[in-house]
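First the structure, in the form of structure tokens, and then the observations on it.
The values are calculated or read from the model by the stated rules, or taken from the named source; none is laboratory data. Note that the coordinates shown come from a computational prediction; the quantities given were computed from them, not determined experimentally. Neighbour counts run over all protein chains shown; Cβ positions are idealised from the backbone, glycine included.
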Amino acid sequence: MSVTTLMKASVVFSMLLTLSAYLVGCSASSVDDAPERAITSGIVSFSGNPITQGQISFIPKQGPTAMGPIKDGNYRIDSKGGVPVGKCQVKILAYEETGKEYTVGAGGKKAKETKQIIPNKYNKRSTLHAEINAGKENKHDFDLK
């Protein structure tokens, strides 16, 4: 074997070894760095009435936001294991149909127009918080006034 062939083989081997180490490191860190989560559910009402259509978001100080739909006053977040454990800011959106429709996209499909029906202090400028505990399903109800 020539020196050039040995050098090429050495370079290829080094590249494969580096790539293998990188891939192992990336796959291990993505699992180890994932936040602990817990399934969270509850009831959301505004002025004593269940929110019929909306969305709830749990935003931890660090880590991914967890969100889910509110339907007939109820929500349940279990996707990816639920909500990250710890103190989270909570944002709630509630929608009501206006009776109007609008066209979506080039296909001409119709969608029903909705409007936000609760104050910004529960969404854009939310002061709501919830503590998500590890090892159990959490229940957090929100009775908004």
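Determine if the stretch 121-129 includes at least one residue that is under 30 Å from Asp33 (Cα atoms) and either in contact with an Asp or Glu (Cβ under 8 Å, 6 or more places away or on another chain) or of a type in the set (Val, Ile, Thr) (or both). Checking the stretch 121-129: at least one residue is under 30 Å from Asp33 (Cα atoms) and either in contact with an Asp or Glu (Cβ under 8 Å, 6 or more places away or on another chain) or of a type in the set (Val, Ile, Thr) (or both). The selection criterion, being of a type in the set (Lys, Arg), under 21 Å from Thr52 (Cα atoms), in a strand (DSSP E or B) and assigned by TED's automatic domain parsing to the domain that holds Ile56, holds for Lys91. Among the residues of the stretch 94-145, those that are hydrophobic (A, V, I, L, M, F, W, C) and in a strand (DSSP E or B) comprise Ala94, Val104, Ala111, Leu128, Ala130, Ile132, Phe142, Leu144.
The residue list Gly81, Gly108 contains one member that is exposed (fewer than 12 other Cβ atoms within 10 Å of the Cβ), on the phi > 0 side of the Ramachandran plot and out of contact with any Cys (no Cβ under 8 Å at 6 or more places or on another chain), which is Gly108.
The sole residue among His140, His129 that is touching a Cys at 6+ places or on another chain (Cβ under 9 Å) and either acidic (Asp, Glu) or at negative phi (or both) is His129.
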